[in-house]
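Visitor: For reference, the structure I am asking about is given below.
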């Protein structure tokens, strides 16, 4: 077993133990391998070890990796699911719409509209999550909790997107109990929007919202996120190791 395969096995063990502790089915939590700053070879190694879903923070870097994997000869290259989990500048929406399968970071209707307009007609609808800033962190992206429901209704009406749920990156806190409480802020927003959409389904020409994804938790707090209700954890360091030192920050 390779080092990376061993790391993936260990992360899955952590997820399973966290689910058992929370009384949840481990099949209800998806692992997203965050491969930012690691090359296509690392993604290919993880793919060989059975990991299919990958998250990229930097749009151009992600597109380069997507192209490299598609051009390669890995037998499972067509099975990869690519998630954009970083901020999206207006001049990058077309790249995201053309190359990614999921987007986790929509916090403005303008971004969602551009993604829908620029999604190629021959590709399935883009799966999207809304990013919520649950604790008002000044350096965090995301819409305010009170703005999520109207944003959800608007995004649900866009023809080339499917609304899947919420993503949040709360301010870090020390201790498992404090982490759980911080993540539960996002779970509360998720549940309130789910109820509102069920009671009053959005009208319009878009796809019906599925609202089944709560993207919470990373390498250091995945157990707390799962206890709070996360359905998808975004794990990078615990799989790939420390981030390589880069000469510059990709866009």
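Visitor: Report, by residue number, each residue of segment 211-230 that is out of contact with any helix residue (DSSP H, G or I) (no Cβ under 6 Å at 6 or more places or on another chain) and touching a residue at least 60 places away in the same chain (Cβ under 8 Å).
Guide: Hits for segment 211-230 are 213, 215, 218, 222, 230.
Visitor: If you check residue 20 against the conditions, is it in a helix (DSSP H, G or I), in contact (Cβ under 8 Å) with a residue 40 or more places away in the chain and over 30 Å from residue 95 (Cα atoms)? Walk me through it before giving the result.
Guide: Values: in a helix (DSSP H, G or I): yes; in contact (Cβ under 8 Å) with a residue 40 or more places away in the chain: no; over 30 Å from residue 95 (Cα atoms): yes.
No.
Visitor: Could you grab me the full set of residues in segment 99-139 that are out of contact with any helix residue (DSSP H, G or I) (no Cβ under 7 Å at 6 or more places or on another chain), outside any loop (DSSP other than H, G, I, E, B) and closer than 21 Å to residue 61 by Cβ?
Guide: Matches in segment 99-139: 102, 104, 105, 127, 129, 131.
Visitor: Also: Every residue in segment 23-52 that is surrounded by 17 or more Cβ atoms within 10 Å (Cβ to Cβ) and in a helix (DSSP H, G or I), please.
Guide: Correct list: 40, 42, 43, 44, 45, 46, 47.
Visitor: What is the residue count in segment 71-88 for residues that are over 16 Å from residue 119 (Cα atoms) and either in contact (Cβ under 8 Å) with a residue 60 or more places away in the chain or part of a loop (DSSP other than H, G, I, E, B) (or both)?
Guide: The qualifying residues number 9.
Visitor: If you check 55, 62, which single one turns out to be in a helix (DSSP H, G or I) and touching a strand residue (DSSP E or B) at 6+ places or on another chain (Cβ under 6 Å)?
Guide: Values: 55 fails: in a helix (DSSP H, G or I).
Going through 55, 62 in turn, the sole match is 62.
Where a number appears in this text, it was derived from the coordinates with a stated rule and is not lab data. Just so it is clear, the structure is predicted and the values come from calculations on it, not from any experiment. No Cβ is skipped: glycine too gets one built from the backbone with ideal geometry, and neighbour counts run over all protein chains shown.
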